[in-house]
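The values are calculated or read from the model by the stated rules, or taken from the named source; none is laboratory data. Quick caveat, the model's predicted, so the values are computed rather than measured. In this analysis, Cβ positions are derived from the backbone assuming ideal geometry, glycine residues included, and neighbour counts consider all displayed protein chains. Side chains are part of the model used for accessible areas, which takes the heavy atoms of the whole protein and leaves out ligands, DNA and RNA. Shrake-Rupley method; radii C 1.70, N 1.55, O 1.52, S 1.80 Å.
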Amino acid sequence: MFEPEWTMTILDGSAIVPVRGCEENLPRWDLTPKEIATATERLMSRVKKVYDEVGSLKVEDVCVENTLRALANIKLDYASSRSALDFPQYVCPSQEVRSASTEANKKLSEFDVELSMREDVFQGIAALQKKLPENISTEEKRLLERLVMLGRRNGLQLSPETREQIKSMSKLIGELTIEFNKNLNEDNTFLVFSEQQLDGLADSFLAGLEKTLDGRYKVTLGYSHYYPVMKRCHDPETRRKMERTFHSRCKEANTPILEGLIRLRSKVAGLLGYSSHADYVLEINMAKNASNVATFLDAFYETLKPVGVRERKYILELKRRECLAKGGYFDGQINAWDLPYYMNQVERCKFAVDKDKLIEYFPLHAVTEGLFGIYQDLLGLRFSEVQPAHVWHHDVKLYAAHDAGTGEEVGLFYLDLHPRQGKCGLDACFPLQPACRGPDGKRRLPVAAMVVNFSKPNEGLPSLLQHHEVETYFHEFGHVMHELCSKTTFSEFSGGLVETDFVEVPSQMLENWVWEKEPLRRMSRHYKDGTAIPDELLDKLIASRVANTGLMNLRQVVLSKVDQSLHSSSCADTAEVFAQHCQDILGVPASAGTNMTASFSHLAEGYDGQYYSYLWSEVYSMDIYFSRFKKEGILNPKVGTEYRRVILEAGGSVDGTDMLESFLGRAPCQEAFFQCKGLSRTRNTT
């Protein structure tokens, strides 16, 4: 087979430097469905062989090398090989390959359960912990403690009958989770509107829409279509249709799946001796239990409640005036389809932010160039595009990251920035290969993919980003940096494998740069003539950061409390729980007949019982930013280097609390968060 020479293009275009060996660090993205199935079986066989060998050891024969190291090495192989099999379901253009990838994910998820329930392997690990050698490293000790803890949390100390029940239900949980996400990934619902029905949308937005034969516009439910329509469209009926359809996605299929997951999770938690699934998952988080999360969220609600009341009153007056001016019917309430629109109107009325003008200064290529420059300067890195690159779609680009001082290759990352048929609609970072040491003691090169859905260039216009999309870019790229900069010994602690309520801290912290003048200038210029954003527009944008503070954060409280409620129960009517919390906390009713939770993918996988983590993490991220970067220089490479070393390189090899205290020089607090939101508080409730 012909293998092209891999090259890197330095970002300023000054050189083409040959790079050899990149291809051996990357997964293959051209596997056929049959190859995916075959590779899945081979991977499981390879992993099972090592587990069988470890499980067959007599307890008196176990040692670090034949047990802990053997398991760590095969887990690295497993993590490194798996992405080529289960990642394509989210991004591959081929329906057949996506289906094969989904099937591989189902098999591997069942296999995960089998591995987690290996009582023979657990006994060996537990025996090793009892005769811990004196020369064991700190990270080896942490890994051993983690494996023993996970074994107990999986019920391996319980009776065979109970373990079998847990195993059976855990497999079913895995199947339902995959089915839930598959339904969302494959959803291709769209609505059709006339130009008049889309009144208020920018010409650049309309130019990017596909048209029907009769000249109307197709509007999908992807974020790049949904949010502009909900924020900008003047026609309330168009917004109503969009909102109802968006929050009814997969309702019939996913509602019973989610409610089944809630019942199963509760049963498993009960068998393991926990009062609820929420308490089970929170035990290994910073929060520790559901009671602490409830206290945290209640304190937030009490602080934000009067702010929300004032903001709703202002929005209702905006709506009344608009209805009067346009001769529309004023129903005297804020509906779910009103909220995004009038929150956007608040920015225009109170802060005079001209979104139509602002978007012209954020062409994607300028944002990317500026973002790269900021991250490189801050973290002491250099990014270079790899060409030609073996990718899953021609829109995707591959980059290498090197240490600016030593020239050492740090890792590789893909950028998949535009929507397409079959691609998942979420904005996310996917860790494809872990950053850790291999069996030879050398650091393995990490690989990550940033997958988002920014509008594509069209009819002579480049891809233009809304400011909130620039913020999303900074956030998700923060996750990429967490994956690449990690320097752990074991794959179990690589990158974002930290406590769930700490994982968002690094990425949320870096969102702050899109609200500062100097960084904003570096990542923006007018798409036509390259001119800078006028100072007046820039000042108004920065001032608007406190717009809708109450309602935006109250919505996060709603989602967090919905999640806690569902996962503190043995069963639930998910639509009813969501509607009740919307009304009670946000003061805005959910649209009748919808069920937002049926498309709330966080509840199905990864953030079940833990959605509060976004608010929890933001508190710490603001403390980091304002206490160190804002005080010592937002582009201060000394602080950035320390941040890279203390927070990013540590991965999950250190507790989140210890990392925070080490970087801050004290225990973290909440004050920076509330000050940033334009609020003041004297109490500390963390």
Quiz item: Straight-line reach from Lys241: which lysines have Cα under 22 Å away, leaving out those fewer than 8 places along the same chain?
Solution: Lys211, Lys218, Lys231, Lys251, Lys319, Lys326
Quiz item: Using r as the Cβ-Cβ distance of Asp427 and Arg244, and R0 as 22 Å, what FRET efficiency do you calculate, to the nearest 0.05?
Solution: 0.45
Exercise. Would you mind counting up the charge near Lys638? Only other residues with Cβ under 13 Å from its Cβ, with Lys and Arg at +1 and Asp and Glu at -1.
Key: +1
Quiz item: How long is the gain from Ser159 to Lys631 if the chain were fully straight, where each residue apart is worth 0.36 nm and the alpha carbon distance is subtracted?
Solution: 164.3 nm
Quiz prompt | For the chain, calculated [θ]222 nm from helices alone, where every DSSP H run of n ≥ 4 adds -39500 (n - 2.57) | solution = -16000 deg cm²/dmol
Self-check item: Cα-centre dipole for the stretch 188-343 with unit charges at Cβ (Lys and Arg positive, Asp and Glu negative), debye to 20
Solution: 120
Practice problem: Pop out the ³J(HN,Hα) list for the stretch 541-556 in order, Karplus 6.51 cos²θ - 1.76 cosθ + 1.60 with θ = phi - 60°, rounded to Hz; leave Gly and Pro as x. | Solution: 4, 4, 5, 6, 4, 8, 5, 6, 3, x, 5, 5, 7, 5, 5, 5
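Of the accessible area of the chain, with the probe set at 1.4 angstrom, what percent is carbon plus sulfur?
Values: 14350 of 28450 Å².
Carbon and sulfur: 50 percent of the exposed surface of the chain.
Would you work out if the stretch 185-322 is rounded, prolate or oblate? Take a ≥ b ≥ c from the square roots of the eigenvalues of the alpha-carbon gyration tensor; rounded if a/c is under 1.5, else prolate when a/b is larger than b/c, oblate otherwise.
Numbers: a/c = 3.38, a/b = 1.63, b/c = 2.08.
The shape class here is oblate.
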Quiz item: Using the Cβ atoms and a cut-off under 9 Å, what net charge is assigned to the surroundings of Gln610, where Lys and Arg are +1 and Asp and Glu are -1?
Solution: -3
Quiz item: By average Cβ neighbour count within 10 Å, what is the ranking of 102-115, 344-357, 475-488 from highest down?
Solution: 475-488, 102-115, 344-357
Quiz item: How many nm separate the modelled label positions at Lys305 and Asp112, each set 7 Å beyond the Cα in the direction of the Cβ?
Solution: 3.9
Quiz item: Excluding ligands, DNA and RNA, what is the solvent-accessible area per residue of the stretch 263-379 at a probe of 1.4 Å, expressed in Å²?
Solution: 43
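Rounded if a/c is under 1.5, else prolate if a/b is larger than b/c, else oblate: which is the stretch 306-444, with a ≥ b ≥ c the root eigenvalues of its Cα gyration tensor? Write out the running numbers ahead of the final one.
Values: a/c = 2.77, a/b = 2.63, b/c = 1.05.
Prolate, because a/c is 1.5 or more and a/b exceeds b/c.
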Practice problem: Please state, as a whole number in µm²/s, the translational diffusion coefficient that the Stokes-Einstein equation yields for the chain at 25 °C and 0.890 mPa s, with Rh defined as the Kirkwood radius across alpha carbon pairs. | Solution: 92
Quiz item: How many angstrom lie between the C-alpha centres of the stretch 175-230 and the stretch 443-467?
Solution: 18
Practice problem: Give the long-range amide H neighbours of Ala449: residues separated by 5 or more places, or on another chain, with amide H under 5 Å away, using H modelled in the peptide plane at 1.01 Å from N. | Solution: Tyr414, Phe430, Leu432
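Quick check on the stretch 451-593: take the gyration tensor over C-alpha atoms, sort the square-rooted eigenvalues as a ≥ b ≥ c, and tell me if it's rounded (a/c under 1.5), prolate or oblate. Present the calculation step by step, with values, prior to reporting the outcome.
Numbers: a/c = 2.15, a/b = 1.33, b/c = 1.61.
Since a/c reaches 1.5 but b/c is at least a/b, the shape of the stretch 451-593 is classed as oblate.
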Practice problem: Could you go through the stretch 455-471 in sequence order and give the Karplus-derived ³J(HN,Hα) for each residue, using 6.51 cos²θ - 1.76 cosθ + 1.60 with θ = phi - 60°, rounded to whole Hz, and x for Gly and Pro? | Solution: 4, 8, x, 7, 6, x, 9, x, 5, 10, 9, 5, 4, 5, 6, 4, 5
Quiz item: So what is the relative contact order of the chain, in percent, for Cα pairs below 8 Å that sit 6 or more residues apart?
Solution: 16
Quiz prompt | Furthest towards positive pole of dipole, Leu603, Thr488, Leu554, structure part the chain, Cβ charges | solution = Leu554
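On a 1.4 Å probe surface of the protein chains, which of Tyr90, Tyr612 comes out largest in accessible area, and what is the full order? Mind dumping the intermediate values first?
Numbers: Tyr90 40, Tyr612 0 Å².
These residues rank, largest area first, as Tyr90, Tyr612.
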Quiz item: With +1 on each Lys and Arg Cβ and -1 on each Asp and Glu Cβ, how big is the dipole of the chain about its Cα centre, in debye rounded to the nearest 20?
Solution: 1020
Self-check item: Distance from the stretch 615-686 to the stretch 507-530 (C-alpha centre basis), Å
Solution: 21
Quiz prompt | Lysine-lysine proximity count for the stretch 422-568, Cα under 25 Å, sequence distance 8 or more or distinct chains | solution = 6
Quiz prompt | C-alpha center-to-center spacing [the stretch 73-138, the stretch 557-578] in angstrom | solution = 30
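I'd like the antiparallel share, as a percent to the nearest 5, of DSSP beta bridges with both residues in the chain. Walk me through the numbers before you get to the answer.
On the way: 31 of 36 bridges.
If I count the DSSP bridges inside the chain, around 85 percent turn out antiparallel.
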Quiz item: Quick one: accessible area per residue over the stretch 48-140, 1.4 Å probe, rounded to a whole number of Å²?
Solution: 45
Self-check item: Debye equation applied to the C-alpha atoms of the stretch 579-686, log10 I(q)/I(0) at 0.17, 0.23, 0.24 Å⁻¹
Solution: -0.95, -1.27, -1.32
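Please work out the average accessible area per residue across the stretch 490-535, using the 1.4 Å probe convention, and give it in Å². If you can, show how the numbers build up before the last one.
On the way: 1500 Å² over 46 residues.
Ligands and nucleic acids excluded, the figure is 33 Å² per residue.
Can you give the net charge of the other residues whose Cβ lies under 11 Å from the Cβ of Ser568, counting K and R as +1 and D and E as -1?
Numbers: positive: Arg265, Lys561; negative: Asp279, Asp563.
So the environment of Ser568 carries a net charge of 0.
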Quiz item: Hey, which lysines would be in cross-link range of Lys167, C-alpha to C-alpha under 21 Å, not counting anything within fewer than 8 residues on its own chain?
Solution: Lys48, Lys49, Lys75, Lys106, Lys107, Lys267
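Taking 0.36 nm per intervening residue step and subtracting the Cα-Cα distance, what contour gain separates Ala127 from Glu210 on full extension?
23.6 nm
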